[in-house]
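Notes to accompany the following structure.
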Amino acid sequence: MSSRFRQDKALFVYKGKPLIAWVMDSMAEASECFVVANRAYPGLGRVYGDLRRGGDTMSGLHSALVHAGEDWVAVAACDQPFLSKDFWRFMLEHIAPNIQAVVASTGDFLEPLGGLYHKSLEPEVLKRLEAGQLKIQALLQAVPHLALDKAELEARFGIHLFLNVNYPDDLLLDREQTPNHAPEAES
């Protein structure tokens, strides 16, 4: 349960379905899809817990990289309902040899969620977990990555693309888009 949200954010119903369902729908074209969480979510398919607990997002990333059968892993939070299939397709178009992550950036800040991570990162993530180095920013800065301009991504896929819902009221704001749908393209 989220302390700020006062309930399990993943199961919070927004526009007819749980937040986590919006995220899973955005990844529906993936060759494999699973959830990393430290509780069961019936009806969502495979759910894996953290293999190394206590590392927050780094623990979740580690578990995702270990369990993934594919080389590239799409990583999102359960409270990012504005990610879309088109967004993930676009991100996949930017994978390249010799990089280990594709993420959005604003200046020097690299957006860790709503990004792609290569399985080859697993040993580095484990090393950092074992050393108590839990900052995803530090991980991303230390590995070869491609940073795409966050403002350009939001212009293309919607201004709320990377919104993490921290409070139920975050979803009451006037939205120019609905989850998983970018605004109409201008001609």
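Which of these values of percent of Cα pairs over 28 Å apart was calculated from the structure shown: (i) 21; (ii) 31; (iii) 47? Matching the structure shown: (i). Structure remark: mean-square fluctuation, Gaussian network model of the chain, C-alpha springs under 10 Å; the largest value among Phe90, Phe162, Phe82 belongs to Phe90. Here's how it looks for Val36: its modeled amide H is under 5 Å from those of Tyr48, which are all 5 or more places away or on a different chain.
The modelled label-to-label distance between Val13 and Arg156, using points 7 Å beyond Cα along the C-beta direction, is 3.6 nm. For segment 1-64, a crude dipole built from +1 on the beta carbon of Lys and Arg and -1 on the beta carbon of Asp and Glu, taken about the Cα centre, is about 320 debye to the nearest 20. For the peptides 121-132, 50-61, the ranking by packing is 50-61, 121-132, with the highest mean count of neighbouring Cβ atoms within 10 Å listed first. Charge dipole of the chain (Cα centre as origin; +1 on each Lys and Arg Cβ, -1 on each Asp and Glu Cβ, all else neutral): 740 debye, rounded to the nearest 20. Highest average first, the peptides 133-142, 111-120, 40-49 ordered by how many other beta carbon atoms sit within 10 Å of their residues are 111-120, 133-142, 40-49. Only lysines eight or more places from Lys135 in sequence, or on another chain, were considered; those with a Cα closer than 28 Å are Lys9, Lys85, Lys119, Lys127, Lys150. Mean sequence separation of contacting Cα pairs (under 8 Å, at least six apart), scaled by the length of the chain, corresponds to a relative contact order of 23 percent.
Read-outs: derived from the displayed coordinates by stated rules, not from any lab. All values derive from a computational prediction rather than experimental measurement. In this analysis, Cβ positions are derived from the backbone assuming ideal geometry, glycine residues included, and neighbour counts consider all displayed protein chains.
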